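The structure under discussion appears below in the form of structure tokens.
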Amino acid sequence: MSLLEITDLHVQYRTERAVGNALSGLNLTIEKGEALGLVGETGAGKTTTALSILNLLPSAGHVISGDVKYEDRSVFEMSEKELLDLRGDKIAMIFQNPLTSLNPVFTIGEQISMVIRAHEKVSRKEALERSKQLLEQVGIAGSRIHDYPSQLSGGMRQRVGIAASLACNPELLIADEPTTALDVTIQAQILELMKNLQTQYSTSLMMITHNLGIIAELCEKVAVMYAGNIIEYGTVREVFKYPLHPYTQGLINAIPNLEGQRDRLVAIPGVIASSENLPEGCPFHPRCEHCSEICRAERPALIKVAENHYVACHERSGELL
Amino acid sequence: MLHAVDDVSFEVYPGETLGLVGESGCGKSTVGNVLMRLLPRTSGELIFNGQDVFTANKTDSFNIRKSMQIIFQDPYSSLNPRKTIKSILSEAYEIHKLAKGAELDKAINELCDMVGIARSLLNRYPHELDGGMRQVVGIARALSLKPSFVVCDEPVSSLDVSVQAKIINLLIDMQKKMDLSYLFISHDLSVVRHISDRIAVMYLGQIVEISDTATIFSNTMHPYSIALLSAVPRVDVDTKVRRILLKGDVPSPMNPKPGCRFAPRCWMAQDSCYDNTPELTEVAPGHCVACHFARQSRAKIKDAAVRSLSDN
Amino acid sequence: MNSKLIFKRMLHSKFFMIGFITCMLIVIFAVVGPSFVVYDAEKNSLTEQFLKPEWLSNGWQGHILGTDELGRDEFTRLVVGARYSLAIALVVTVCSAVLGTILGMIAGYLGGAADAIIMRMCDVFLSIPNLILSIAIIAVLGTSTTNLIIVLIISSWVQYCKLSRNNVLVTKKMEFVSASKCLGATNSHIIFKEIFPNITTQLIILVSQQFGNVILVEAALSFMNLGISPPTPSWGNMIAGGRTYLTTYPWLCVVPGMALMITVLAFNFLGDGVRDVLDPKRT
């Protein structure tokens, strides 16, 4: 049994202006102890996926069909009480913006204690003591427990966010662009910390980011998202070394290198498909140079092309079958 | 007293790109804004084509404006949401009374063809364009007066990877076509490496190392530049990186302490670093480093580096 | 925001539709009405004192809403009074919006001493209750329509000033303002061509909300005989005149009172509706 299983999930955002298909038939599983990277550009549906897992979609978001099963229980069928138990206790989330994800009027110790006390029956004092230990684990001196978020730097706040998410020993940690707002040297610290914690507690990790480098360093598996669907999935080594989907290839080619020749960058032509106006067939086809008749008509399914490597592309999967 | 930028000197040569890298709060954007006179300077001078910009009279200053332009980071706030693309692009011509009527239309059409804005977009509003296209409009606006020097203040930081490549290519093409000099400000080392001829690394309001691009990446000497370079996550799964983790956070630039500003976070700091401020000194032709122990740094990397994440 | 979306929102906003339609009816009533009435609004006719409203039993020729203590037709006075009220409200709203916005933009854009002086002026006007200020000014200047307008402008420009200053403070930090500066734009170009278009939405909302308020204050002043003085009709002085006969001839108070209430409500509805329609944050 997988820890988390998403099957054929369709999510729509309905606003006054338009209807957007944020997710269209997403399939994804996360095993126990696995670190999965979810990569994609703006509007690919990364955050929507995370929010669906926690059944926390904003009011404009509607699950059209499909299911998210956590340990074989659908999160959409859970009661309010079960959901509260799921969020924070079993699945914890780290947010992108360390500035706004902490409440400015409570000390960091109080905020972590609140998480603990929401899920476990412990005294205030005990919770505070545990918060202190957690803070020390993420590299913040225990003496700072009575500090307010405004007294901490961005990197430290993100550490507090991580400490709070670890408070109840979650089985799955969802990190939504946790280092995007941070500087490179601070990002390196946080990544190192997350890697250590993940090996220490064998927590499953879902790392949402647009930065392929972070995934290469932190994750075993990677799922590349485009226009609300996974278009390539496999081990990081496989996917990054032998990318098959034209979009994945384009993404990797578009990143300037730190080593070697400074060649002209290869940009992917066209613009990211808009969720409000998805093209027929393969959503990537208007930008794809290998596009053929079938690509315009039919949406390709995710097909196994090698051990630990799946791709959703008519061209590619045809070649290798 | 806030010393956002302290004692920074550098030169940009015609047709060259100088990359300015550093983390948030290091003052790299302040440098750009002071050059464009969007922020006041406390002291120092800026010589543009042999003319002191800060002391120039009103007419000269107005003309210098034409030759120095800036491209901003945020393509959402850098375009006036209430104006059409056409009126955004015609602003420069109107202010400098360069063209009117049919002439203006012709100039704008030429500008659009040059940077690749479809003419059908001219009557649209900024919010109808995607981030990349908005940034192209920002570039077109900066180039409309045919400047010779352009400050690029994090022009691709808020864009997606696939769009970022397009903008970088455009900037390089425009440089060749119009013989532009760029001051390219960014926190992303790989982007800066790609576009710059020379690179200056800033830390807490000071330049700590400046050299040509190849040297910065193959023979970095300042301990901060070394750590910064090692901190970038690599996509290449086969490259093993020796990572140097810096202690703590970037301190506030308020009332900096004497001595080397990097010393509290430095992995090779010694007692003397806290007392003596290192000067930017030339260690090789065109390669300047502000560190007392610059020559020893590369030998010490092995001891300081932690096992890389990808070694696990 | 495109005009299509705005139109769609207009149709969907109940506040806007109710407010807009009622306001339009009131405006038409006030503009066209006076040329159709048969009686003179200011001429006494002591033989016809305190006639009851005869509604439409005599058609438009009769005293639809009855007559007052001097035998003047109540309906005629209502229509003519409406014209005065709306005209004054229009002049006051336009003048105070222009005055307040210009001062507010100057304060917000220039900052420093200009900002300090203008903001302290606002504080002074905000700290004195409007009615007391108005009474004091009219006591000095004397009662006349011009003075009434001046008083109303003085008591309402502060809102526009504060609003536009705050919006300018936000807008001037945007990068497109810096971009304009780099192109060599002058301050007046930046203020009027770059910043002003970005604060118009907020201003339109405030104008539509303030309009009803001005009518109400004008009525209050006229009620105290500080505004439009009899025999010229105004809803305020009509209510004041009818007050004595409230128990015996209640329509003298009720009719202009109802008219006032409906008008103010309609403009408040319109204001709320406009806010809903133009709110850029709504998705």
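The values are calculated or read from the model by the stated rules, or taken from the named source; none is laboratory data. Just so it is clear, the structure is predicted and the values come from calculations on it, not from any experiment. When we count neighbours, we look across all protein chains shown, and the Cβ atoms used for this are built from the backbone with ideal geometry, even at glycine.
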Using the structure shown, decide if B:Val150 is in contact with a strand residue (DSSP E or B) (Cβ under 8 Å, 6 or more places away or on another chain), among the β-branched types (Val, Ile, Thr) and not in a helix (DSSP H, G or I).
-> yes
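Inside segment A:1-48, can you point out the residues that are more than 18 Å from A:Glu71 (Cβ to Cβ) and under 11 Å from the mean Cα position of the chain (by Cα)?
Result: A:Ala35, A:Gly37, A:Leu38, A:Val39, A:Gly40, A:Gly45, A:Lys46, A:Thr47, A:Thr48.
Name the one entry in C:Ala114, C:Ala82, C:Ala107 that is small (Gly, Ala, Ser) and either within 28 Å of C:Ala220 (Cβ to Cβ) or surrounded by fewer than 14 Cβ atoms within 10 Å (Cβ to Cβ) (or both).
Details: C:Ala114 fails: either within 28 Å of C:Ala220 (Cβ to Cβ) or surrounded by fewer than 14 Cβ atoms within 10 Å (Cβ to Cβ) (or both); C:Ala107 fails: either within 28 Å of C:Ala220 (Cβ to Cβ) or surrounded by fewer than 14 Cβ atoms within 10 Å (Cβ to Cβ) (or both).
Only one candidate passes the filter, namely C:Ala82.
What number of residues in segment A:232-257 are assigned to a helix (DSSP H, G or I), more than 7 Å from chain B (Cβ to nearest Cβ) and buried (at least 21 other Cβ atoms within 10 Å of the Cβ)?
Qualifying residue count for the region: 5.
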Subset of segment C:166-213 [farther than 14 Å from B:Pro81 by Cβ, among the β-branched types (Val, Ile, Thr) and touching a residue at least 12 places away in the same chain (Cβ under 8 Å)] = C:Val168, C:Ile190, C:Ile191, C:Ile204, C:Ile205, C:Val207
Pull up segment C:1-29, narrow it to residues that are loosely packed, with under 15 Cβ neighbours inside 10 Å and of a type in the set (Lys, Arg), then point me to the one that is farthest from the other protein chains (Cβ to nearest Cβ).
-> C:Lys14
Residues that are out of contact with any Lys or Arg (no Cβ under 8 Å at 6 or more places or on another chain): find the strands (runs of 3 or more DSSP E) completely inside segment A:1-48 holding 3 or more of those.
-> A:4-14, A:19-30
Long-range neighbours under 8 Å by Cβ, at least six apart or interchain, first residue farther than 19 Å from A:Ala273 by Cβ and modelled with pLDDT of 90 or more within segment A:18-34, second among the aromatic types (Phe, Trp, Tyr) and in a strand (DSSP E or B) = A:Leu28/A:Tyr233
Would you pick out the residues in segment C:135-166 that are over 16 Å from the mean Cα position of the chain (by Cα), surrounded by 20 or more Cβ atoms within 10 Å (Cβ to Cβ) and among the hydroxyl-bearing types (Ser, Thr, Tyr)?
-> C:Ser164
Name the pairs whose Cβ atoms lie under 6 Å apart, with the first residue in segment B:235-255 and within 7 Å of chain A (Cβ to nearest Cβ), the second outside any loop (DSSP other than H, G, I, E, B) and at pLDDT below 75, and 6 or more positions between them or separate chains?
-> B:Arg243/B:Val306; B:Leu245/B:Val306
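Matching residues to (1) surrounded by 15 or more Cβ atoms within 10 Å (Cβ to Cβ); (2) under 19 Å from the mean Cα position of the chain (by Cα); (3) not hydrophobic (A, V, I, L, M, F, W, C):
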{"position": "B:Val12", "(1), (2), (3)": "yes, yes, no"}
{"position": "B:Thr30", "(1), (2), (3)": "yes, yes, yes"}
{"position": "B:Met36", "(1), (2), (3)": "yes, yes, no"}
{"position": "B:Asn49", "(1), (2), (3)": "no, no, yes"}
{"position": "B:Ala56", "(1), (2), (3)": "yes, no, no"}
{"position": "B:Met68", "(1), (2), (3)": "yes, yes, no"}
{"position": "B:Pro75", "(1), (2), (3)": "yes, yes, yes"}
Of the conditions (1) buried (at least 21 other Cβ atoms within 10 Å of the Cβ); (2) under 26 Å from A:Lys241 (Cα atoms); (3) within 14 Å of chain B (Cβ to nearest Cβ); (4) among the charged types (D, E, K, R), A:Asp183 fails just one. Which one is it?
-> (2)
If we keep just the residues of segment B:67-80 that are of a type outside the set (Val, Ile, Thr) and at the interface with another protein chain (Cβ under 7 Å from one of its Cβ atoms), which is nearest to B:Thr55 (Cα to Cα)?
-> B:Gln69
Among the numbered conditions (1) in contact with a Leu (Cβ under 9 Å, 6 or more places away or on another chain); (2) assigned to a helix (DSSP H, G or I); (3) within 14 Å of chain B (Cβ to nearest Cβ), tell me where C:Gly184 comes up short.
-> (2)
Answer with yes or no whether B:Leu122 is more than 9 Å from chain C (Cβ to nearest Cβ), surrounded by fewer than 18 Cβ atoms within 10 Å (Cβ to Cβ), farther than 22 Å from B:Gln175 by Cβ and aliphatic (A, V, I, L, M).
-> no
Hey, any hits in segment B:51-61 for a residue that's under 21 Å from C:Phe176 (Cβ atoms) and either at the interface with chain C (Cβ under 10 Å from one of its Cβ atoms) or among the aliphatic types (A, V, I, L, M) (or both)?
-> no
Hey, can you tell me all the residues within segment A:266-319 that are more than 12 Å from A:Glu232 (Cα to Cα), touching a residue at least 60 places away in the same chain (Cβ under 8 Å) and in a helix (DSSP H, G or I)?
-> A:Glu315
Of the residues A:Gln96, A:Gln111, which single one is crowded, with 19+ Cβ neighbours inside 10 Å, part of a loop (DSSP other than H, G, I, E, B) and either modelled with pLDDT of 90 or more or in contact with an Asp or Glu (Cβ under 6 Å, 6 or more places away or on another chain) (or both)?
-> A:Gln96
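So that you can scan it fast, the table gives a plain yes or no per residue for (1) within 26 Å of B:Phe72 (Cβ to Cβ); (2) aliphatic (A, V, I, L, M); (3) touching a Lys or Arg at 6+ places or on another chain (Cβ under 9 Å); (4) without any contact (Cβ under 8 Å) to a residue 40 or more places away in the chain:
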site: B:Val163; (1), (2), (3), (4): yes, yes, no, yes
site: B:Lys177; (1), (2), (3), (4): yes, no, no, no
site: B:Ile216; (1), (2), (3), (4): yes, yes, yes, yes
site: B:Tyr224; (1), (2), (3), (4): no, no, yes, no
site: B:Gly259; (1), (2), (3), (4): no, no, no, yes
site: B:Phe262; (1), (2), (3), (4): no, no, no, no
site: B:Asp275; (1), (2), (3), (4): no, no, no, yes
